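Chemist: Take this structure, written in structure tokens, and hold onto it; I'll ask about it next.
The values are calculated or read from the model by the stated rules, or taken from the named source; none is laboratory data. Predicted model, so just to flag it, every value in this text is computed and none were measured. So basically every Cβ, Gly included, is an ideal-geometry build from the backbone, and we count neighbours across all protein chains shown.
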Amino acid sequence: MRRTLQLLAAALLVVPLLVGTASAAPGLVEQVQKVGEDEVVSTVLDGKTRSTTVERPGSWYLKAHFTGLRLVAGDVLTVADPAGAEAYRYTSDVTASGTATVDATGFWAMSVTGDKAVISLEGRDGGPAHPASRVTLDKITRGYTDAEMDAAAAIGPQSICGTNDYRDAVCYQSSNPTEFGRTRAVAKLLRNGGSLCTAWRVGPNNRMLTNNHCFTSGTGIEVWFNYQCPTCGGTTSATVTKVLVSSVLKTSAALDYTLFSVTNFAALSSFGYLELDARVPAVGEEMYIVGHPAGKLKKLSLRDDQNGGGYCAVSAVRVNGSSSQSDIAYRCDTEGGSSGSPVLSRRTHKVIGLHHYGGCPNQGVRIDLVYGQISSLL
């Protein structure tokens, strides 16, 4: 964002150059990625029209908005993929599902992965709904096609430093099992259906971290776990587990973090969590980043061709970020959508930074500073 560039340029004037310390480079920008757009539609489901199919060829998700919901007890509104493997069901109390986002005119259902969604209104036993039951599908958000995603990424900040070295997380399952083991706790954020960031579980409780510039209010934010390839070089995702942001617990623009909780937390137990390494890392310390650059299936950024093809490494500490000397710098490859990714040390395999800026070198907020503000809430 342009205001970020102005803040960083001003900060260059006041930070002294120290050993192992660098000023933030001009051109760094927040790495949120636009991934979809809204469409106005108008389809009424009632006792006569029981179902409709929404299809947008090539879209990677569809998200439906409803208004005028009136369901007789026992009737159910369902939004699902064609196979029914991903399905979200709503009764007259839509909030009871834990997958609905209520707004002034109705509610958004949870998104369905893929380019086709089947929406149906049925009775409790799968038969016809009561004649008095009714709902209107009035809006959808469709995910961009691959071509649209590539075009959006192409106009983003230059954060691929040299050759693009990130790979599907699963590609490192055998060669780097410890690093791969830390990837499951990382999730994709779908923000209000139209843009995305990355987030991750911090500690064993219902706590997650992302950037303040990703969101400060949790309304309408989806959190996708396991959006990753089951095979190296694959193009389809494993089964995704989706929850919603429940509450924002603490947020800071100065350190660019948001700590939050989610709905249906019990569904996330198998994904594990990351731990914080509350210290200033050493210059030259090897590190890696896990995230969803350009909205892609989960990537592990571990190698750096700018470092002789070796591992990514911290290039500077106490770099200007959202605040004076708040960041660490590195040349691990990132793209729009990487905002909020964890930066982990290869020495401890704990989090040393919260990625938020691209620009080569790229930057993350020092996690020791974040820990100082959130430790009592973890």
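Chemist: Can you tell me how many residues in the stretch 227-257 are touching a residue at least 60 places away in the same chain (Cβ under 8 Å) and within 25 Å of Gly358 (Cα to Cα)?
Modeler: Matching residues across the stretch 227-257 total 11.
Chemist: Answer with yes or no whether Ala253 is modelled with pLDDT under 95 and out of contact with any Asp or Glu (no Cβ under 9 Å at 6 or more places or on another chain).
Modeler: Values: modelled with pLDDT under 95: no; out of contact with any Asp or Glu (no Cβ under 9 Å at 6 or more places or on another chain): yes.
Answer is no for this residue.
Chemist: Take Gly359 and decide whether it is out of contact with any Phe, Trp or Tyr (no Cβ under 6 Å at 6 or more places or on another chain), at pLDDT below 90 and within 19 Å of Thr258 (Cα to Cα).
Modeler: Taking the combined requirement at face value, the residue does not satisfy it.
Chemist: A follow-up question, please. For the stretch 188-207, enumerate the residues that are buried (at least 24 other Cβ atoms within 10 Å of the Cβ) and touching a Ser or Thr at 6+ places or on another chain (Cβ under 7 Å).
Modeler: Lys188, Leu189, Leu190, Gly193, Cys197, Thr198, Ala199
Chemist: Say we look at the stretch 229-242 and pick out the residues that are hydroxyl-bearing (Ser, Thr, Tyr) and out of contact with any helix residue (DSSP H, G or I) (no Cβ under 8 Å at 6 or more places or on another chain); which of these is surrounded by the most Cβ atoms within 10 Å (Cβ to Cβ)?
Modeler: At the first step, the residues of the stretch 229-242 found to be hydroxyl-bearing (Ser, Thr, Tyr) are 231, 235-237, 239, 241.
Filter once more, so that each one left must be out of contact with any helix residue (DSSP H, G or I) (no Cβ under 8 Å at 6 or more places or on another chain): 235-237, 239.
On the way: Thr235: 9, Thr236: 10, Ser237: 18, Thr239: 11.
Out of the qualifying residues, it is Ser237.
Chemist: Can you tell me which residue within the stretch 98-113, out of those that are more than 30 Å from Lys296 (Cβ to Cβ) and in contact (Cβ under 8 Å) with a residue 24 or more places away in the chain, is surrounded by the fewest Cβ atoms within 10 Å (Cβ to Cβ)?
Modeler: First pass over the stretch 98-113, keeping only residues more than 30 Å from Lys296 (Cβ to Cβ): 102, 104-106.
Next, from what is left, pick out any that are in contact (Cβ under 8 Å) with a residue 24 or more places away in the chain: 105-106.
Details: Thr105: 12, Gly106: 20.
So the residue we want is Thr105.
Chemist: Just for the stretch 285-336: of the residues that are at positive phi and part of a loop (DSSP other than H, G, I, E, B), which one is surrounded by the most Cβ atoms within 10 Å (Cβ to Cβ)?
Modeler: Among those residues, the one meeting the criterion is Gln325.
Chemist: Considering each residue of the stretch 233-245, count those that are at pLDDT 95 or above and part of a loop (DSSP other than H, G, I, E, B), and give that number.
Modeler: Looking only at that region, the number is 0.
Listed here are the residues, each with its yes/no results for (1) of a type outside the set (Phe, Trp, Tyr); (2) over 12 Å from the mean Cα position of the chain (by Cα).
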| site | (1), (2) |
| --- | --- |
| Ser195 | yes, no |
| Arg207 | yes, yes |
| Asn211 | yes, no |
| Phe225 | no, no |
| Thr231 | yes, yes |
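Chemist: Going by the structure shown, is Phe225 among the aromatic types (Phe, Trp, Tyr), out of contact with any Pro (no Cβ under 9 Å at 6 or more places or on another chain) and at pLDDT 95 or above?
Modeler: On the way: among the aromatic types (Phe, Trp, Tyr): yes; out of contact with any Pro (no Cβ under 9 Å at 6 or more places or on another chain): yes; at pLDDT 95 or above: yes.
Against the criterion (among the aromatic types (Phe, Trp, Tyr), out of contact with any Pro (no Cβ under 9 Å at 6 or more places or on another chain) and at pLDDT 95 or above), Phe225 qualifies.
Chemist: A further question on this structure: Here is a list: Thr183, Thr198, Thr113. Which entry is closer than 20 Å to Asn226 by Cα and touching a His at 6+ places or on another chain (Cβ under 6 Å)?
Modeler: Details: Thr183 fails: touching a His at 6+ places or on another chain (Cβ under 6 Å); Thr113 fails: touching a His at 6+ places or on another chain (Cβ under 6 Å).
From the options Thr183, Thr198, Thr113, the qualifying one is Thr198.
Chemist: How many residues does the stretch 258-284 hold that are of a type outside the set (Lys, Arg), under 12 Å from Ile352 (Cβ atoms) and either without any contact (Cβ under 8 Å) to a residue 12 or more places away in the chain or surrounded by fewer than 16 Cβ atoms within 10 Å (Cβ to Cβ) (or both)?
Modeler: 1
Yes/no per residue for (1) crowded, with 20+ Cβ neighbours inside 10 Å; (2) assigned to a strand (DSSP E or B):
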position: Val223; (1), (2): yes, yes
position: Tyr227; (1), (2): yes, no
position: Ser247; (1), (2): no, yes
position: Lys250; (1), (2): no, yes
position: Leu255; (1), (2): yes, no
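Chemist: Check off (1) modelled with pLDDT of 90 or more; (2) part of a loop (DSSP other than H, G, I, E, B) for Leu13 and give me the number that stays unchecked.
Modeler: Looking at each condition in turn, Leu13 falls short on (1).
Chemist: What about Gly203, is it modelled with pLDDT of 95 or more, under 20 Å from the mean Cα position of the chain (by Cα) and not hydroxyl-bearing (Ser, Thr, Tyr)? Step through it out loud before you land on a result.
Modeler: Details: modelled with pLDDT of 95 or more: yes; under 20 Å from the mean Cα position of the chain (by Cα): yes; not hydroxyl-bearing (Ser, Thr, Tyr): yes.
Against the criterion (modelled with pLDDT of 95 or more, under 20 Å from the mean Cα position of the chain (by Cα) and not hydroxyl-bearing (Ser, Thr, Tyr)), Gly203 qualifies.
Chemist: With (1) under 28 Å from Asp150 (Cβ atoms); (2) among the acidic types (Asp, Glu); (3) buried (at least 20 other Cβ atoms within 10 Å of the Cβ) as the list, and Glu39 as the residue in question, which single condition is left unmet?
Modeler: (3)
Chemist: In the stretch 36-50, which residues are closer than 28 Å to Thr236 by Cβ and assigned to a loop (DSSP other than H, G, I, E, B)? First the steps, then the outcome.
Modeler: From the stretch 36-50, those closer than 28 Å to Thr236 by Cβ are 36-39, 41; that's our starting set.
Passing the criteria: none in range.
Chemist: May I pose another question? Just to verify a result, which residue in the stretch 114-131, among those that are over 36 Å from the mean Cα position of the chain (by Cα) and surrounded by fewer than 19 Cβ atoms within 10 Å (Cβ to Cβ), is modelled with the lowest pLDDT?
Modeler: Ranking the qualifying residues of the stretch 114-131, first place goes to Asp125.
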